[in-house]
Every structure is written in C-alpha cells, then in structure tokens.
1. If D90 meets every condition in (1) over 22 Å from Q34 (Cβ atoms); (2) part of a helix (DSSP H, G or I) apart from one, which number is that one?
2. Kindly check whether there is at least one residue in segment 62-76 that is within 13 Å of the chain's Cα centre (by Cα), part of a loop (DSSP other than H, G, I, E, B) and under 14 Å from E19 (Cβ atoms).
3. Output the residues belonging to segment 42-53 that are more than 8 Å from the chain's Cα centre (by Cα), open to solvent by less than 10 Å² (accessible area, probe 1.4 Å) and within 20 Å of K96 (Cβ to Cβ).
4. Looking at this structure, is S31 touching a helix residue (DSSP H, G or I) at 6+ places or on another chain (Cβ under 7 Å), open to solvent by 20 Å² or more (accessible area, probe 1.4 Å) and more than 17 Å from E104 (Cα to Cα)?
Amino acid sequence: MIANGIAFSAFYRRRVSQEALKISSEACGVSVAQITSAGGRQAHVAFARQIAMYLCHVVGQMSLREVAREFKRDRTTVGHACHAIEDMRDNLTFDKQIDFLERELRKRLVVFSHDARAAFFNLERKGFRLFG
C-alpha cells in the first residue's frame, strides 16, 4: 500500500487493520476480541468483521490476500465480505454510515503516514558524510 509516497510495510498494514477493527467495533458495539476470535460466528460479530475487512480493502488499499492474512481468513471470505458490504450500500442510510467510517479511517491513516514520514526524516544521521 502506498500513501503520500510512502510504501507501507507489514507493520503499517497491521496498523491499518487494527484501526479498522477499532472503528468497526465502536460502530457495531462489539469488542475487538470478539471480532478477531475464531469462533465469532454470531451475526452481529460477523457483520462487524465484514465492515473492518471492507475498510481495510477500500480505504487501506490492501489486496484481498493481505486482508485475509491480517484477519486469518481465506481470501474468498474477504471477497464475500466486501461484496456483501458493497451490496448493502444501495441503502442510502447505510451508505452514509459506511462513508462516515471510511472518512474516520482516512483521518487515522493520515496521522500514521505523517508520523512515519516524521520518524524517517528525524533519524539521527551519525557517521554520514556528504560527498560532492
């Protein structure tokens, strides 16, 4: 994933998925632990997981395979989740709610990319000499 010219590593993909989980859990009233548990097959828990997967794929620009790896699911499960959420967006109210969640994740990603860029440029550069 690339944001503002910075290629995100596995660390940042993990951070994106964690933030998507937090946003989804807050929106659906489910704990992050319930969403990430292997036995979370209750409808409201599965729905929260689908939203988190969708946010990772659409906002985080993660591939289905990357999302599946982060959520410890199959790629086809992530594809199904994304299609299910996209189909529900035909409802105007639901569409506005998902749009709000997307904006919230984008805000948090801007903070991540800014922090990553600041950390990169603030590295101590001992022993480096410029030749010219």
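1. For D90, the failing item is (2).
2. Yes, the conditions are met somewhere in segment 62-76.
3. Hits for segment 42-53 are A48, I51.
4. Answer is yes for this residue.
The values are calculated or read from the model by the stated rules, or taken from the named source; none is laboratory data. Everything quoted here is computed from the prediction, not taken from an experiment. Cβ: placed from backbone, ideal geometry, glycine included. Neighbour counts: every protein chain shown. Heavy atoms of the whole protein, side chains included, go into the accessibility calculation; ligands, DNA and RNA do not. Shrake-Rupley method; radii C 1.70, N 1.55, O 1.52, S 1.80 Å.
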